[in-house]
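I have placed the structure first, in the form of structure tokens, so that the comments after it can refer back to it.
The values are calculated or read from the model by the stated rules, or taken from the named source; none is laboratory data. Everything quoted here is computed from the prediction, not taken from an experiment. Ideal geometry is used to build each Cβ from the backbone, glycine not excepted, and the neighbour counts take in all protein chains shown.
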Amino acid sequence: MNTTEIFNEHVMATYGRFPLTLAEGRGARVRDDQGREYLDFCMGIAVCSLGHCHPRIVDAIRDQAGRLMHVSNLYYTESQGLLAKEMNLEHIKLPGKIFFSNSGAEANDGLIKSARRYGHLKPQADGKPRFEVITFQQSFHGRTLGSMAATGQAKVQQGFDPMLPGFRYLPYNDIAALENAVRDDTIGFLLEPVQGEGGVHVATGEFLEALDALRKKHDLLLMFDEVQAGFGRCGEAMAWRVNAPNIEPDGISWAKGMGGGIPIGAFWLSDRVVDEKGTKLSSLMGAGSHGSTYGGNPLVCAAAIETLKEIREKDLAGNAIRQSQRIRTAVASWELPVVTEVRGLGLLIGIALDAKLIPTGERETCALKVVKSLISKGLITVPAGPETFRLLPPLNVTDEEVDEALAIVKDVLSQF
């Protein structure tokens, strides 16, 4: 049996997979089981931030695997503490505490639980806990029951009713819609600074400032989902700082690129004092309030430490800005009618398409058709909704690799 047959026989069909079996990768390139090479501008959907099999990560994994891979979180481990220190002091640069999970969905669940815990500390006037978290249309926060309920896309929730109560979805980047949005039971906002799965839409500075003002006025929590956008991907260590550098959020979630390919997630809570007793927000999630068997084990933390140090020491966020400018300039120079807009920040780029110019088959969006064509030409990318595809190269991508990818994109889009 070949790989496809094995999958069909033994693996749940929860993904619409491309007919491509990837066997090995180095840097920005991968090879399939037939030996064909591709430029990878998907990177596991923004996961392999240093490319495939980066020597620094491989060495860290080998070294740690030979010493200690896993122990319970009932004990202290050096690598988890050092990773939290690296994140707090060098990337977040705000006082707070971190919980380590295995994925972005779990991290967002942690933020939702934290908000509800805060709603018990700061209840409504009648003493009932506040619990409602406002999220935004076309958002994506994960596929657990909690993170799925927070996601503002009906297609993700279809067939899993009833949803966990306590969420409301407002239009993204719509300041007017925020008027009278806060109810007695509202406890906070959760949003992506850049909506990745929802089409690569960027929150404006004005929108983020309006949310921050409401947070302060109504004693709410402002929480950022940086799962896809964080740690240099958007040209800053934290994506919200690109357009609103003065905001100090209450909570942040991450995953994807923070481990360079290793499954790790995390959420952060601020150390800000939230009552007259001197209670810190981060202290609300105390012993017994949350947990993860595998979260923050020595192996994944060792890999994440080297990933984040490499991003910081080599200023790969700066490279993300420079390469983004090169990509945007090139696409604009083509003047192709099929391209309606280039959106995003840094190397989280969405190229929006005119669906009327792209004939598609049954159950095929124009973005999916373009992605299939790009793969056939040797460039792996990923859709972001029905009419946009993403470019998510590694943060250390070179000029030559970007130019090669752009040539393939131009060739494919020129057909329409």
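Observations, loosely collected:
- Within segment 89-104, considering residues that are touching a residue at least 60 places away in the same chain (Cβ under 8 Å) and in a helix (DSSP H, G or I), the one surrounded by the most Cβ atoms within 10 Å (Cβ to Cβ): 104
- The C-beta contact set for segment 318-330 (first residue touching a residue at least 60 places away in the same chain (Cβ under 8 Å), second residue buried (at least 17 other Cβ atoms within 10 Å of the Cβ) and part of a helix (DSSP H, G or I), distance under 8 angstrom, 6+ apart or interchain) comprises 323/402; 326/402; 327/402; 327/406; 330/406.
Residues are listed down the side, and each one gets a yes or a no for (1) at negative phi; (2) surrounded by fewer than 19 Cβ atoms within 10 Å (Cβ to Cβ); (3) out of contact with any Ser or Thr (no Cβ under 7 Å at 6 or more places or on another chain):
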| residue | (1), (2), (3) |
| --- | --- |
| 292 | yes, yes, no |
| 301 | yes, no, no |
| 304 | yes, no, yes |
| 310 | yes, no, yes |
| 313 | yes, yes, yes |
| 318 | yes, yes, yes |
| 323 | yes, no, yes |
| 335 | no, yes, yes |
| 346 | no, no, no |
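- Scan of segment 191-206 for residues that are surrounded by 16 or more Cβ atoms within 10 Å (Cβ to Cβ) and either assigned to a loop (DSSP other than H, G, I, E, B) or in contact with a Phe, Trp or Tyr (Cβ under 8 Å, 6 or more places away or on another chain) (or both), ordered by number: 191, 192, 193, 195, 196, 197, 198, 199, 200, 201, 203
- The residue that is farthest from residue 403 (Cα to Cα), counting only those in segment 360-381 that are touching a helix residue (DSSP H, G or I) at 6+ places or on another chain (Cβ under 6 Å), buried (at least 18 other Cβ atoms within 10 Å of the Cβ) and not hydroxyl-bearing (Ser, Thr, Tyr), is 366.
- Checked against the criterion of being in contact with a His (Cβ under 6 Å, 6 or more places away or on another chain), assigned by TED's automatic domain parsing to the domain that holds residue 227, modelled with pLDDT of 95 or more and farther than 13 Å from residue 225 by Cβ, segment 71-91 contains not a single residue that satisfies it.
- From the list 272, 215, the lone residue that is farther than 21 Å from residue 174 by Cα and either in contact with a Pro (Cβ under 7 Å, 6 or more places away or on another chain) or among the charged types (D, E, K, R) (or both) is 272.
- For residue 34, the conditions (1) part of a loop (DSSP other than H, G, I, E, B); (2) in the same structural domain as residue 237 (by TED's automatic domain parsing) all hold with the exception of (2).
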